[in-house]
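The values are calculated or read from the model by the stated rules, or taken from the named source; none is laboratory data. Please read all numbers here as calculations on a predicted model, not as lab measurements. Backbone-built Cβ (ideal geometry, glycine too); neighbour counts: all protein chains shown.
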Amino acid sequence: MNSLPKGHLAGCALLLLVFLLDSTFGQAGEQCLAQFKRGKEDFVLDGDESVKDGATFISSPQLTRYRDCVSACCKELECNVAFMERGSEEGLIKSCFLFNCVYKKKYACRFVRKEGYSSYILDSVYDSYLERDVPTNTADQPPTANGGQDLVVQPQDTVTLNGIESKDDQGIVTYLWQMVTAYPNAVIEKTNFDDQIMVSNLTSGVYKFQLTVTDAIGQSDSTKVTVLVLTPEQSEHHCMVPKKIGPCRGLFPRWHYNGASEQCEAFNFGGCKENQNNYLSKDECMIACASSEKGGKSGRLLPIPPTRGQRCGDSPCAAEEFTCENSCCLDRGLECDSTPQCSDNSDEKHCAEYDKNFRILLQIPVNEQKVRCTELPDTGNCRDSLTKWYYNPLHKDCFRFNYGGCPGNDNRFDSKETCARVCSGVTGELLFAHFTKLPCFLKAHKMV
């Protein structure tokens, strides 16, 4: 019996190993790809408005295929949206952008009509935030529960939970808040508002609360809100680290907690690679970092922490850490802070590239005036009652609604005449939320 030379055997073994690794990656890749929906064609993410509302630009990897762009999103812990500019041939792309479009349970991305772009959205994100109501012949539609965004607070602070943004076409009859996390020491009190509770006596930890709303004929809906009560170590990251503008050079108003002055202060965020001491509003910063004690003094009583360097050898890097090229680990918020922390300087290596790609995104010309007319009417989370008008692109008309006073969105006008003038010509064609399953798309384009 003839045997193969050793060199041939080694070559065959290498080919077999490559095949097995590729097959394993392919199976994992297909499982990830199947979790995405394809967005409506010829829409692009409005980078400026999205980041302004809290969306996070993750990266823009240099890739040439749809599949690879979505796979890159799969590998990023926080990525839930991938969009790209289509190439000259079927299945190829010119650019790829990865985003996290959810800010503390609030959907923050805006898409605008633009020829030549495609997008993919994680199933769970689409189902939770983008699924639009489909008109039916049912006289009474079921309600939609909305308990507001997730909260970050200090130990012993009193937490207020509201269901004021919940909706029903005929009106909500009952609001029921329940604490899902088992913690017998929590004190829960109702207020004068049916949708509101106040929770106190919480120590450091993660707590989940469920809001169930019911309408007059018994139809109901539920949602959950997470409250993170910071430990001293978490307070360092959320409140005591210095403000970080980041490597990108946009101008986005944000707030940070200044541990020296014990005040929340405004600053201009560049648009990428933020740390955790970065808040959209002063109120959000105050809730997370300021104490409820009298006199306004900090409840943490922590010194401003020294900068932590790289961690090497003791365990693999966690998903939320930056991995240096020498395999050491670093707090992700220290990447691109203008000070090398990795001994090989790899945490500052690609920072100029982030800014370059972010500038490309911001320079894509879009019509922001028209996209405001496609947003769903938002009453806001305040309790005033102001008559405003919003535009419905499906009916191509303006309708009255009650606005609570803050914050809402831009599809809000003082008069029907202004609404009609600004939104003239906007139709359902400018609505982004229209999807087909991703695997069918891959099959149609025969991607390999």
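Only one residue in Cys73, Cys101, Cys109, Cys69 is in contact (Cβ under 8 Å) with a residue 60 or more places away in the chain, at negative phi and buried (at least 22 other Cβ atoms within 10 Å of the Cβ), so which one is that?
Details: Cys73 fails: in contact (Cβ under 8 Å) with a residue 60 or more places away in the chain; Cys101 fails: in contact (Cβ under 8 Å) with a residue 60 or more places away in the chain; Cys69 fails: in contact (Cβ under 8 Å) with a residue 60 or more places away in the chain.
Being in contact (Cβ under 8 Å) with a residue 60 or more places away in the chain, at negative phi and buried (at least 22 other Cβ atoms within 10 Å of the Cβ) holds for just one of Cys73, Cys101, Cys109, Cys69, which is Cys109.
Restricting attention to region 99-120, which residues are touching an Asp or Glu at 6+ places or on another chain (Cβ under 8 Å), outside any loop (DSSP other than H, G, I, E, B), more than 29 Å from Cys317 (Cβ to Cβ) and at pLDDT 95 or above?
Tyr117, Ser118
Would you mind stating whether Leu92 is modelled with pLDDT under 55 and outside the structural domain of Asn409 (by TED's automatic domain parsing)?
Working: modelled with pLDDT under 55: no; outside the structural domain of Asn409 (by TED's automatic domain parsing): yes.
For Leu92, the condition - modelled with pLDDT under 55 and outside the structural domain of Asn409 (by TED's automatic domain parsing) - is not met.
Given the conditions (1) closer than 24 Å to Lys106 by Cβ; (2) modelled with pLDDT of 90 or more; (3) exposed (fewer than 15 other Cβ atoms within 10 Å of the Cβ), and given that Asp414 satisfies all but one, which numbered condition is not satisfied?
In the conditions (1) closer than 24 Å to Lys106 by Cβ; (2) modelled with pLDDT of 90 or more; (3) exposed (fewer than 15 other Cβ atoms within 10 Å of the Cβ), Asp414 misses (1) alone.
From the list Gly163, Gly116, which residue is in contact (Cβ under 8 Å) with a residue 60 or more places away in the chain and of a type in the set (Gly, Ala, Ser)? Break it down stepwise before answering.
Numbers: Gly163 fails: in contact (Cβ under 8 Å) with a residue 60 or more places away in the chain.
Residue meeting the stated conditions: Gly116.
The conditions are (1) modelled with pLDDT of 95 or more; (2) out of contact with any strand residue (DSSP E or B) (no Cβ under 8 Å at 6 or more places or on another chain), and Leu202 fails exactly one of them. Which is it?
Condition (2) is where Leu202 drops out.
So Gly425 ticks every box in (1) surrounded by fewer than 16 Cβ atoms within 10 Å (Cβ to Cβ); (2) closer than 21 Å to Asp169 by Cα but one. Which box is left unticked?
(2)
With (1) more than 20 Å from the chain's Cα centre (by Cα); (2) farther than 30 Å from Gln62 by Cβ; (3) touching a residue at least 60 places away in the same chain (Cβ under 8 Å) as the list, and Ala186 as the residue in question, which single condition is left unmet?
Here Ala186 clears every test but (3).
Return the residues of region 359-409 that are among the charged types (D, E, K, R), outside any helix (DSSP H, G or I) and in contact (Cβ under 8 Å) with a residue 24 or more places away in the chain; say none if nothing qualifies. Even if it seems obvious, please write down each step before you answer.
First, the residues of region 359-409 that are among the charged types (D, E, K, R): 359, 368, 370, 372, 375, 378, 383-384, 388, 396-397, 400.
Filter once more, keeping what is outside any helix (DSSP H, G or I): 375, 378, 383-384, 388, 396-397, 400.
Matches in region 359-409: Glu375, Asp378, Arg383, Lys388, Lys396.
Every residue in region 192-227 that is touching a residue at least 40 places away in the same chain (Cβ under 8 Å) and part of a loop (DSSP other than H, G, I, E, B), please.
Phe193, Asn201, Leu202, Thr203, Ser204, Ala216, Ile217, Gln219
Among the residues in region 138-151, are any touching a Phe, Trp or Tyr at 6+ places or on another chain (Cβ under 7 Å) and of a type in the set (A, V, I, L, M)?
For region 138-151, residues touching a Phe, Trp or Tyr at 6+ places or on another chain (Cβ under 7 Å) and of a type in the set (A, V, I, L, M): absent.
So if I check each of Val206, Val213, Val225, which one is closer than 22 Å to Gln156 by Cβ and surrounded by 16 or more Cβ atoms within 10 Å (Cβ to Cβ)? Break it down into steps so the answer makes sense when it comes.
On the way: Val206 fails: surrounded by 16 or more Cβ atoms within 10 Å (Cβ to Cβ); Val213 fails: closer than 22 Å to Gln156 by Cβ.
Checking each option against the conditions leaves just Val225.
Could you figure out which of (1) farther than 28 Å from Glu233 by Cα; (2) touching a helix residue (DSSP H, G or I) at 6+ places or on another chain (Cβ under 8 Å); (3) not β-branched (Val, Ile, Thr) isn't true of Leu151?
(1)
With the requirement that a residue be more than 17 Å from Tyr354 (Cβ to Cβ) and either of a type outside the set (Gly, Ala, Ser) or in contact with a helix residue (DSSP H, G or I) (Cβ under 6 Å, 6 or more places away or on another chain) (or both), what does region 54-68 give you? Reasoning before the result, please.
The initial filter retains those residues of region 54-68 that are more than 17 Å from Tyr354 (Cβ to Cβ), namely 54, 64-68.
Of everything in region 54-68, those that are more than 17 Å from Tyr354 (Cβ to Cβ) and either of a type outside the set (Gly, Ala, Ser) or in contact with a helix residue (DSSP H, G or I) (Cβ under 6 Å, 6 or more places away or on another chain) (or both) turn out to be Thr64, Arg65, Tyr66, Arg67, Asp68.
So which of Pro393, Pro407 ends up being surrounded by fewer than 15 Cβ atoms within 10 Å (Cβ to Cβ) and touching a Ser or Thr at 6+ places or on another chain (Cβ under 9 Å)? Don't jump to the end; show me each part of the working.
Working: Pro393 fails: surrounded by fewer than 15 Cβ atoms within 10 Å (Cβ to Cβ).
The unique qualifying residue is Pro407.
Yes or no: region 261-284 includes at least one residue that is buried (at least 21 other Cβ atoms within 10 Å of the Cβ), touching a strand residue (DSSP E or B) at 6+ places or on another chain (Cβ under 9 Å), touching a residue at least 60 places away in the same chain (Cβ under 8 Å) and part of a helix (DSSP H, G or I).
No, every residue in region 261-284 fails to be buried (at least 21 other Cβ atoms within 10 Å of the Cβ), touching a strand residue (DSSP E or B) at 6+ places or on another chain (Cβ under 9 Å), touching a residue at least 60 places away in the same chain (Cβ under 8 Å) and part of a helix (DSSP H, G or I).
If you scan region 76-98, which residues turn out to be assigned to a strand (DSSP E or B), under 14 Å from Ile121 (Cα atoms) and free of Cβ contacts under 8 Å to residues at least 60 places away in the same chain? Lay out the reasoning, then the answer.
Narrowing region 76-98 to residues assigned to a strand (DSSP E or B): 81-86, 92-98.
Within this subset, residues satisfying the condition of being under 14 Å from Ile121 (Cα atoms) are 81-84, 96-98.
Val81, Ala82, Phe83, Met84, Cys96, Leu98, listed by residue number.
In region 49-65, is there at least one residue being surrounded by fewer than 19 Cβ atoms within 10 Å (Cβ to Cβ), of a type in the set (Lys, Arg), over 28 Å from Arg372 (Cβ atoms) and in contact (Cβ under 8 Å) with a residue 12 or more places away in the chain?
Within region 49-65, one or more residues are surrounded by fewer than 19 Cβ atoms within 10 Å (Cβ to Cβ), of a type in the set (Lys, Arg), over 28 Å from Arg372 (Cβ atoms) and in contact (Cβ under 8 Å) with a residue 12 or more places away in the chain.
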